[in-house]
Amino acid sequence: QERMPQTPPFAAMFDSSGYSRNLYQSKEDNCGGLSYHDNNLLSGSLEALIQHLVPNIDYYPDRTYIFTFLLSSRLFMHPYELMAKVCHLCIEQQRLSEPGLDKNRIQKIAPKILQLLTEWTETFPYDFRDERMMRNLKELAQRIASGDEMYWKNVQHLLQNLIRKLATVSQYEEVLAKINATSTDRLTVLKTKPQSIQRDIITVCNDPYALAQQLTHIELERLNYIGPEEFVQAFVQKDPLDNDKSCYGDRKKTRNLEAYVEWFNRLSYLVATEICMPVKKKHRARVIEYFIDVARECFNIGNFNSLMAIISGMNMSPVSRLKKTWAKVKTAKFDILEHQMDPSSNFYNYRTALRGATQRSLTAHSNREKIVIPFFSLLIKDIYFLNEGCANRLPNGHVNFEKFWELAKQVSEFMTWKQVECPFERDRKILQYLLTVPVFSDDALYLASYESESPENHIEKDRWKTLRFVSEV
């Protein structure tokens, strides 16, 4: 049984220049519609790039190429169209459709095709929520496996893993839908502060470190379900060489990326709600100090997304206008955190901290040190600007592969981060509170804020009157 080369982990996939290192045997330069420079693939026609993805007896594509092409090809064609072409090429090239197939030949090519299918199903499982993908996969896998017990077992294993992954994501989506239904996300009607009925966060969890750990649980779980292709699908447009098909009519099989952004917003509003709710000034000050400590623990853990959500909740107008409350707060620690997440110079301080956390995670021995949870909206923005800043195709119609190496490099870093298992113990009670406790709408936050500290000018007074009128209607 000939073994395929073992694929390296994501962290090792891209070198510092963003170009592929030729881990496996490469085809020669400038052949069949592909352009290279210094052994790096720069561009090619779509057909040549598809051909380059398909293994043959003497060749297996570099893993960085597989990831990069599967990630970016969806800007040009549906995954099921690519799958159909790959299957067709495998069957044609290897003469898999011939009746008297040479067993020796099958033994040489089968492990390579299986390896390609394994990489596709493991890295982009959501593609296979499309029945057309599943049909093609099964058909090709059966052709490879027919007549050989060993390959048949491998094929069964591949399909079982894939079906298990897809079942898990469906369950996760159901849980998310339930959470959203129970929290109803907003307490829009707020006649008086519901002091008596509402527990506050400090009674549920008085240890900032414990809260930071549970926030990290939520972050890692939600990160883990985001497929790499969701970054690309977020900005798919029509391919100019594709006359009438607009890309992505029916492509969007998941919305885990949006769910994750919604979580960030929920956490910001939760922080603001907890601060605006208490009647007494000293209680509000205590909640602010508590969240400063939680934010600091998030920073130490490497959970930059929760850190940024907490800071943005504390910077919302209904919170920042509470001057008498803030006067009671020791703000030195908060100033340090704000400095770390300061947006000036394109978030220079945060990017430096992120690089430090990334370095730490590469040499880490424990999951605790491996945690890197990026400030997610900025990651999406970076990928968006990379996409907007470079054309997908060159003037000669070739696919601009140099751009896609860069895109894949950014997404592969995210892939490394999302695979970390959370080392902290789950606390159901705290998680339940964080995910389902109702949070105030913008109006409810302002109303609570004005009731805590009276309006200071005409604009605030008018707004307060309107809000009180609306809440009483």
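Would you confirm whether any residue within segment 300-308 is under 22 Å from R355 (Cα atoms) and open to solvent by 40 Å² or more (accessible area, probe 1.4 Å)?
Yes, because at least one residue in segment 300-308 is under 22 Å from R355 (Cα atoms) and open to solvent by 40 Å² or more (accessible area, probe 1.4 Å).
Any residue in segment 390-401 that is within 26 Å of A295 (Cβ to Cβ) and either open to solvent by less than 30 Å² (accessible area, probe 1.4 Å) or in contact with a His (Cβ under 9 Å, 6 or more places away or on another chain) (or both)?
no
So in segment 445-466, with the set limited to residues that are open to solvent by less than 50 Å² (accessible area, probe 1.4 Å) and not in a helix (DSSP H, G or I), which one is farthest from S320 (Cα to Cα)?
Ranking the candidates gives P455 first.
Only residues that are of a type in the set (G, A, S), over 17 Å from N256 (Cβ atoms) and either outside any loop (DSSP other than H, G, I, E, B) or touching a Phe, Trp or Tyr at 6+ places or on another chain (Cβ under 9 Å) (or both): list them for segment 122-173, please.
Those that are of a type in the set (G, A, S), over 17 Å from N256 (Cβ atoms) and either outside any loop (DSSP other than H, G, I, E, B) or touching a Phe, Trp or Tyr at 6+ places or on another chain (Cβ under 9 Å) (or both): A141, A145, S146.
Go through segment 427-437 and give me each residue that's surrounded by fewer than 18 Cβ atoms within 10 Å (Cβ to Cβ), in contact with a helix residue (DSSP H, G or I) (Cβ under 8 Å, 6 or more places away or on another chain) and either in a loop (DSSP other than H, G, I, E, B) or modelled with pLDDT under 95 (or both).
Hits for segment 427-437 are D427, T436.
State which residue pairs qualify: first residue closer than 17 Å to R63 by Cα and inside segment 28-42, second residue of a type in the set (F, W, Y) and modelled with pLDDT under 85 in any location, beta carbons under 7 Å apart, and separation of 6 or more residues or different chains.
Correct list of pairs: N40/Y19.
Is at least one residue of segment 320-332 over 30 Å from W464 (Cβ atoms), among the small types (G, A, S) and over 24 Å from the mean Cα position of the chain (by Cα)?
yes
Here is a list of conditions, (1) open to solvent by less than 40 Å² (accessible area, probe 1.4 Å); (2) in contact with a Phe, Trp or Tyr (Cβ under 8 Å, 6 or more places away or on another chain); (3) outside any helix (DSSP H, G or I), and L378 meets all of them except one; can you say which number that is?
Going through (1) open to solvent by less than 40 Å² (accessible area, probe 1.4 Å); (2) in contact with a Phe, Trp or Tyr (Cβ under 8 Å, 6 or more places away or on another chain); (3) outside any helix (DSSP H, G or I) one by one, L378 breaks only (3).
Looking at (1) surrounded by 16 or more Cβ atoms within 10 Å (Cβ to Cβ); (2) modelled with pLDDT under 85, find the lone condition where V189 falls short.
(1)
Please count how many residues of segment 306-333 are under 30 Å from V420 (Cβ atoms) and either charged (D, E, K, R) or out of contact with any Lys or Arg (no Cβ under 9 Å at 6 or more places or on another chain) (or both).
9
Mind checking which pairs have a first residue in segment 106-119 that is under 12 Å from N154 (Cα atoms) and a second that is in a helix (DSSP H, G or I) and among the small types (G, A, S), Cβ under 8 Å, 6 or more apart or different chains?
Listed pairs, sorted by first residue: A110/A145; L114/A141; L117/A141.
Report yes if some residue within segment 359-371 is part of a helix (DSSP H, G or I) and buried (at least 20 other Cβ atoms within 10 Å of the Cβ); otherwise report no.
Taking every residue of segment 359-371 in turn, at least one turns out to be part of a helix (DSSP H, G or I) and buried (at least 20 other Cβ atoms within 10 Å of the Cβ).
Output yes when any residue across segment 423-440 is over 21 Å from L176 (Cα atoms) and touching a Leu at 6+ places or on another chain (Cβ under 9 Å), and no when none is.
no
Which of the residues that make up segment 199-226 are outside any helix (DSSP H, G or I) and either surrounded by 15 or more Cβ atoms within 10 Å (Cβ to Cβ) or at pLDDT below 55 (or both)?
Correct list: D200, C205, Y225, I226.
Out of the residues in segment 23-54 that are open to solvent by less than 60 Å² (accessible area, probe 1.4 Å) and in a loop (DSSP other than H, G, I, E, B), which is modelled with the lowest pLDDT?
Only one residue tops the list, namely Y24.
What pairs come up if the first residue lies in segment 311-333 and is free of Cβ contacts under 8 Å to residues at least 12 places away in the same chain, the second is part of a loop (DSSP other than H, G, I, E, B) and surrounded by 13 or more Cβ atoms within 10 Å (Cβ to Cβ), and their beta carbons are under 6 Å apart, counting only those six or more places apart or on different chains?
none
Yes or no: Q171 without any contact (Cβ under 8 Å) to a residue 40 or more places away in the chain and either under 30 Å from Q432 (Cβ atoms) or among the acidic types (D, E) (or both)?
Here the answer is yes, as Q171 does meet what is asked.
Restricting the search to segment 330-358, which residues are open to solvent by 20 Å² or more (accessible area, probe 1.4 Å) and among the hydrophobic types (A, V, I, L, M, F, W, C)?
Correct list: A332, I336, F347, A353, L354.
Just one of F424, F404, F469 is loosely packed, with under 14 Cβ neighbours inside 10 Å and aromatic (F, W, Y); which is it?
Selected residue: F469, the only one of F424, F404, F469 that is loosely packed, with under 14 Cβ neighbours inside 10 Å and aromatic (F, W, Y).
Identify, by number, the condition in (1) part of a helix (DSSP H, G or I); (2) buried (at least 16 other Cβ atoms within 10 Å of the Cβ) that F385 doesn't meet.
Condition not satisfied by F385: (2).
Which of the residues belonging to segment 123-168 are exposed (fewer than 13 other Cβ atoms within 10 Å of the Cβ) and basic (K, R)?
Answer for segment 123-168, where residues must be exposed (fewer than 13 other Cβ atoms within 10 Å of the Cβ) and basic (K, R): K138, K153, R164.
Confirm whether A391 is of a type in the set (G, A, S), over 13 Å from the mean Cα position of the chain (by Cα) and over 28 Å from M316 (Cβ atoms).
Spelling it out, A391 is indeed of a type in the set (G, A, S), over 13 Å from the mean Cα position of the chain (by Cα) and over 28 Å from M316 (Cβ atoms).
The values are calculated or read from the model by the stated rules, or taken from the named source; none is laboratory data. The structure presented is a predicted model; accordingly, all values stated were derived computationally and were not measured. We place every Cβ from the backbone using ideal geometry, glycine too, and count neighbours over all the protein chains shown. Remember, those area values only see protein heavy atoms, side chains included, never the ligands or the DNA or RNA. Shrake-Rupley method; radii C 1.70, N 1.55, O 1.52, S 1.80 Å.
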